[in-house]
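Colleague: Can you keep this structure in mind? I'll have questions shortly.
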Amino acid sequence: MSSNSKNFISRAELLDHLDTLLDCSRIEDYCVNGLQVEGKDRITRVVSGVTAHYSFLKQAAEAEADMIIVHHGLYWKSDPHPHAVTGVQRKRLKVLMDKDINLCAYHLPLDCHPGLGNNAIICRHLGLSDLRPFDVGFIGCPESKVDRTTF
């Protein structure tokens, strides 16, 4: 889809959907979940990844992303200098600002999501059943003897 496409969603609609889907308000996190850097309002291309490191952001910009969704964003509540825009943080923000790209991060809400979360997906791939929430992960039981060669 080109960035000139008529197919788009507004930033507000997409953020509302993500916040509802991941139920962000139910969990206390040390990450700033949701929108971390505001970009353009019309979203036609979304890139997702694990961490907002410089090379990933640069590749997403080259792919003409309007929004980037990551697990590990730029801002953490425990960061002693969350507003310092120097060094690598400056380089990351410059990539986003130059292309007017939104950056969203979802940390623990994604970890504990029963359908989209990496913890639930790992449990299902291990063949665990009777999955139940366990802190910010899941607990389950093997349905049969686990064969390591199948992974």
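Laboratory data are not the source of any read-out in this text; all were calculated from the coordinates shown. Because the structure is predicted, anything quoted here is derived from the model rather than measured. Note that each Cβ is placed from the backbone with ideal geometry, even for glycine, and that neighbours are counted across all protein chains shown.
Colleague: Could the peptides 91-100, 65-74 be put in order, highest first, of the mean number of other beta-carbon atoms found within 10 Å of their residues?
Modeller: Listed from highest to lowest mean packing, they are 65-74, 91-100.
Colleague: Once the piece of chain linking residue 100 and residue 143 is laid out straight, how much longer is it, given 0.36 nm per residue of separation minus the C-alpha distance between them? Walk me through the intermediate numbers first.
Modeller: Working: separation 43, 0.36 × 43 = 15.48 nm, distance 4.81 nm.
Full extension from residue 100 to residue 143 adds 10.7 nm.
Colleague: Once a ≥ b ≥ c are taken as the square roots of the eigenvalues of the Cα gyration tensor of region 1-81, is the result rounded (a/c under 1.5), prolate (a/b larger than b/c) or oblate (a/b not larger than b/c)?
Modeller: Values: a/c = 2.49, a/b = 1.36, b/c = 1.82.
Oblate, since a/c reaches 1.5 and b/c is not below a/b.
Colleague: Computed over the Cα atoms of the chain, what is the convex hull's projected area averaged over all directions, in nm²?
Modeller: 11.2 nm²
Colleague: Go ahead and set up a Gaussian network model of the chain, Cα springs under 10 Å, then flag whichever of 112, 123, 31 fluctuates most.
Modeller: Highest fluctuation among the options: 123.
Colleague: How many lysine pairs are close in the chain, with Cα atoms under 16 Å apart and the two 8 or more places apart or on different chains?
Modeller: Number of lysine pairs found: 7.
Colleague: Now for a different question. Once both axes come from the Cα atoms, what is the angle between helix 87-98 and the longest principal axis of the chain, in degrees from 0 to 90, rounded to 10?
Modeller: 70 degrees
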